[in-house]
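Colleague: This is the structure I have questions about; it appears just below.
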Amino acid sequence: MVEIDLNHIYKRYANAEENNYAVSDFDLHIKDKEFIVFVGPSGCGKSTTLRMIAGLEDITKGELIIDGKYENDTAPKDRNIAMVFQNYALYPHMTVFDNMAFGLKLRKYDKDKIKEKVDYAAKVLGLTEYLDRKPAALSGGQRQRVALGRAIVRDAPIFLMDEPLSNLDAKLRVSMRAEIARLHQELHTTTIYVTHDQTEAMTMADRIVVMSMGEVQQIGTPKEVYESPKNKFVAGFIGSPSMNFFDVHYKDGIVTDSEGLTLKLPEGRSKVLDEAGYDDKDVTLGIRPEDIHAEGAMEETFPEATVESEVVVSELLGATSMLYSRVDGTEFVAIVDARDYHKPGDKVRLTFDLNKAHFFDEKTTDAIR
Amino acid sequence: MKKKKKIDSVTVHSFSRGTDLFFNIIVGIFALSCLLPLFFVIVISLTDENALATYGYRLWPKVWSFAGYKYLATMGGELLRSLWISVLVTVVGTVINSTFTSTYAYAISRSSFKYRRFFTVFCLVTMLFSPGMVANYIVVTNMLHLKDTLWALILPMAVSPFNIIVMRTFFKRQVSESIIESARIDGASEMRIFTQIVIPLAVPGIATISLFAALGYWNDWFNALLYIQSDNLVPLQYLLMKIQSNIEMLSQNASSGTQFGGSLMAIPKEATRMAMVVIATLPIACSYPFFQKYFVRGLTIGGVKE
């Protein structure tokens, strides 16, 4: 049973200015066996936070509690964690076996036990036939599996993974993603996983921590952060292609933008804006590409949320196609059925499912609910 | 129909025959320019002194002679003792030098070391501003009291700032921070990380600085001139320098018609000089192949994604 508490953690690097924190006020309780994913753009502080948990970076302010113990000043080797690095960080002069056994040898396990554990990990990861090879003789995927194996043999209750798949090609990434998920289900370790890939975050996490500029933007299940983003950043970051945003003026249940786009909101949505005091005010309207439709049935349902647009770029993806379209000066992207594929220059009627639209305060960028 | 020529990756990256020949000739000339002087020195050391006087320097002498080596062999025990001192100083000095250099360089190569800037500048300052001979002499003789000991030949060159900078760069480039962090998480102490992870990865770098250090110790005669008085501690280079000075002195005295004129006639001057060069060069030249096998690049390949 291992729980981790990050209580108002701050990190400032030695040469940074007084109030320039790489991570500020990071507050999170991680439950036992939970799979937590830190996600955010490069430089948002996710890896720094992970390294603070690992003990590879000092914590400037705040408390790190692991399993009820204050661990701010504990050396990495005494935190009982295993870590997988983005660039594998294997020992190049050692064989795969020795790479996996190194941590066990240091902990004075006897030889038979080491062999047993390494053999088990190698079997789980399909590395048995490569145990005598050195890392240079392995492919990228195999090297990353060795790095995972090194973590597995340790029997550590906490796994920290710092973008472990970002150096792999797309196909390998998908299979390794499934492998990590399977390992988590088998080993029941508390796992903290850092990535900038929101697909990894959505598919693997029990809970996602979305970060930007050193601050936590939202913590929630993948469904929560996708369906109820707390602010414009989270809404834009989660989802691919990202959410369309329109700077609009809201008045009497109708939103209009400066380029001529006019849409009537369903009653439920306009009620929310009215109650929040946004009548006759500027807001940001956000709508996901998959909530813009080309089917005639949708137009019949939402006739006042349908626009005549011109396709600028179209991409056929097999089952779906992406239409980068324009209404007067307003551009947006829609994911439609492959049957509704249109060539650039075609005129197409697109309907906005405004029941699924999101609204954000123009100044604070917080979601209006 | 003309069959399509198959092109593989080797063909794509290879030169045409003409270009290949051109580069081979260039490289051959370069190799000869390195080897020929050494060969020439060996040949002169084996040339009869009179033949040298009559026919001058030749690649293939008219008369072969071991007179130069025989003259040096008359010093027998003294020469062997100096050779032993030189070997001892070179081996011990190289081990000490590479240990000090690599530990210092490793410390300043790590971003987690708080005082790395201070110690880097401290090292660079000693490269840029030398304290001079007098200060060194006072430290070695009056402060450390090393005069007339082997340590006087070893310690003054035990740390090389240039090698420190070379190794610092090597550690920074070749030993990824994440490998060290990985070992730290695996439970390794700093000493174990250095000895079991960093050193094996830095073998090419350590071989390079060891070679520099070995050359420095082997060729050093100046420290012996300053600090060594006992005949038992004279290194080879200093002994050869003394022999050379003696020959010079005898030569000057012979021209002024003193009693040493006769003994000078018996000494094959040029051949002895070249024999000394051969004796001084050959052992260190023979050690090159041992170092060479460590000059392998790409030892860290595969450890981290580059």
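The values are calculated or read from the model by the stated rules, or taken from the named source; none is laboratory data. This is a predicted model, so every value here is computed, not measured. Backbone-built Cβ (ideal geometry, glycine too); neighbour counts: all protein chains shown.
Colleague: If you go through the stretch B:196-227, how many residues are of a type outside the set (Asp, Glu), under 15 Å from residue B:88 (Cα atoms) and not in a helix (DSSP H, G or I)?
Modeller: 1
Colleague: Could you say whether any residue in the stretch B:178-188 is touching a helix residue (DSSP H, G or I) at 6+ places or on another chain (Cβ under 8 Å) and over 21 Å from residue A:143 (Cβ atoms)?
Modeller: Yes, the conditions are met somewhere in the stretch B:178-188.
Colleague: Is there any pair with a first residue in the stretch A:4-18 that is surrounded by fewer than 21 Cβ atoms within 10 Å (Cβ to Cβ) and a second that is among the small types (Gly, Ala, Ser) whose Cβ atoms are under 8 Å apart and which are 6 or more apart or on different chains, and what are they?
Modeller: Cβ pairs passing all conditions: A:7/A:62; A:8/A:62; A:10/A:24; A:10/A:62; A:12/A:22; A:13/A:22; A:16/A:22.
Colleague: Here is a further query. Looking only at the stretch B:170-200, how many residues end up being closer than 21 Å to residue A:149 by Cβ, in contact (Cβ under 8 Å) with a residue 24 or more places away in the chain and of a type in the set (A, V, I, L, M)?
Modeller: Of the residues in that region, 2 qualify.
Colleague: I've got another one for you. Check A:147, A:181, A:205 and return the single one that is within 25 Å of residue A:1 (Cα to Cα), within 12 Å of the chain's Cα centre (by Cα) and among the hydrophobic types (A, V, I, L, M, F, W, C).
Modeller: Checking each option against the conditions leaves just A:205.
Colleague: While we're looking at this one, here's another question. Could you list all residues from the stretch B:34-66 that are touching a strand residue (DSSP E or B) at 6+ places or on another chain (Cβ under 9 Å) and within 17 Å of residue B:267 (Cα to Cα)?
Modeller: The answer is B:46, B:47, B:48, B:51, B:63, B:64, B:65.
Colleague: Please determine whether any residue of the stretch B:119-135 is surrounded by 13 or more Cβ atoms within 10 Å (Cβ to Cβ), assigned by TED's automatic domain parsing to the domain that holds residue B:233 and either in contact with a Gly (Cβ under 7 Å, 6 or more places away or on another chain) or among the basic types (Lys, Arg) (or both).
Modeller: So far as the stretch B:119-135 goes, no, none of its residues is surrounded by 13 or more Cβ atoms within 10 Å (Cβ to Cβ), assigned by TED's automatic domain parsing to the domain that holds residue B:233 and either in contact with a Gly (Cβ under 7 Å, 6 or more places away or on another chain) or among the basic types (Lys, Arg) (or both).
Colleague: Are any of the residues in the stretch B:69-83 within 30 Å of residue B:39 (Cα to Cα), assigned by TED's automatic domain parsing to the domain that holds residue B:221 and assigned to a loop (DSSP other than H, G, I, E, B)?
Modeller: Looking through the stretch B:69-83, at least one residue is within 30 Å of residue B:39 (Cα to Cα), assigned by TED's automatic domain parsing to the domain that holds residue B:221 and assigned to a loop (DSSP other than H, G, I, E, B).
Colleague: Consider residue A:46 against the criteria (1) among the basic types (Lys, Arg); (2) surrounded by fewer than 21 Cβ atoms within 10 Å (Cβ to Cβ); (3) closer than 19 Å to residue B:181 by Cβ: it satisfies all of them except one. Which criterion is unmet?
Modeller: Here residue A:46 meets the rest and fails (2).
Colleague: Does at least one position in the stretch A:154-166 carry a residue that is of a type outside the set (Asp, Glu) and farther than 21 Å from residue A:51 by Cα?
Modeller: The answer is no; no qualifying residue exists.
Colleague: Among the candidates A:332, A:359, single out the residue that is in a strand (DSSP E or B), of a type outside the set (Val, Ile, Thr), surrounded by 14 or more Cβ atoms within 10 Å (Cβ to Cβ) and in contact with a Pro (Cβ under 9 Å, 6 or more places away or on another chain).
Modeller: A:332 is the lone residue from the list that is in a strand (DSSP E or B), of a type outside the set (Val, Ile, Thr), surrounded by 14 or more Cβ atoms within 10 Å (Cβ to Cβ) and in contact with a Pro (Cβ under 9 Å, 6 or more places away or on another chain).
Colleague: Another question, if that's okay. Only one of these conditions is not met by residue B:126: (1) of a type in the set (Val, Ile, Thr); (2) assigned to a helix (DSSP H, G or I); (3) modelled with pLDDT of 90 or more. Which number is it?
Modeller: (3)
Colleague: Name every residue in the stretch B:206-230 that is away from chain A (no Cβ under 14 Å) and more than 30 Å from residue B:141 (Cα to Cα), in order of residue number.
Modeller: Result: B:207, B:208.
Colleague: Can you name every residue in the stretch A:315-354 that is touching a residue at least 40 places away in the same chain (Cβ under 8 Å) and under 16 Å from residue A:262 (Cα atoms)?
Modeller: Selection gives A:327, A:328, A:329, A:330, A:332, A:349, A:350, A:351, A:352, A:353, A:354.
Colleague: Do we find that residue B:195 is surrounded by fewer than 14 Cβ atoms within 10 Å (Cβ to Cβ) and within 14 Å of another protein chain (Cβ to nearest Cβ) in this structure?
Modeller: yes
Colleague: Where residues in the stretch A:157-188 are part of a loop (DSSP other than H, G, I, E, B) and touching an Asp or Glu at 6+ places or on another chain (Cβ under 9 Å), which of them is surrounded by the most Cβ atoms within 10 Å (Cβ to Cβ)?
Modeller: Among those that are part of a loop (DSSP other than H, G, I, E, B) and touching an Asp or Glu at 6+ places or on another chain (Cβ under 9 Å), it is A:165.
Colleague: Here is a follow-up. Of all residues in the stretch B:25-62, which are aromatic (Phe, Trp, Tyr), assigned to a helix (DSSP H, G or I) and at pLDDT below 90?
Modeller: Once the filter is applied, which keeps residues that are aromatic (Phe, Trp, Tyr), assigned to a helix (DSSP H, G or I) and at pLDDT below 90, the stretch B:25-62 yields B:39, B:40, B:55.
Colleague: Which ones in the stretch B:172-188 are facing another protein chain (nearest Cβ under 9 Å) and aliphatic (A, V, I, L, M)?
Modeller: Selection gives B:179, B:180, B:183, B:185, B:188.
Colleague: Another question, if that's okay. Which residue pairs have Cβ atoms closer than 7 Å, lie 6 or more positions apart in sequence or on different chains, and pair a first residue in the stretch B:90-105 that is surrounded by fewer than 16 Cβ atoms within 10 Å (Cβ to Cβ) with a second residue that is not acidic (Asp, Glu)?
Modeller: Correct list of pairs: empty, since none qualify.
Colleague: Also, I was wondering about something else. Where in the stretch A:62-156 are the helices (runs of 4 or more DSSP H), entirely inside, with at least 3 residues that are at the interface with chain B (Cβ under 8 Å from one of its Cβ atoms)?
Modeller: The helices (runs of 4 or more DSSP H) meeting that bar are A:96-106, A:140-153.
Colleague: For residue B:111, work out the one condition from (1) under 30 Å from residue B:171 (Cα atoms); (2) assigned to a helix (DSSP H, G or I) it doesn't fulfil.
Modeller: All conditions pass for residue B:111, except number (2).
Colleague: Yes or no: the stretch A:82-102 includes at least one residue that is within 25 Å of the chain's Cα centre (by Cα), in the same structural domain as residue A:168 (by TED's automatic domain parsing), under 30 Å from residue A:121 (Cα atoms) and of a type in the set (S, T, N, Q).
Modeller: Yes, the stretch A:82-102 has at least one match.
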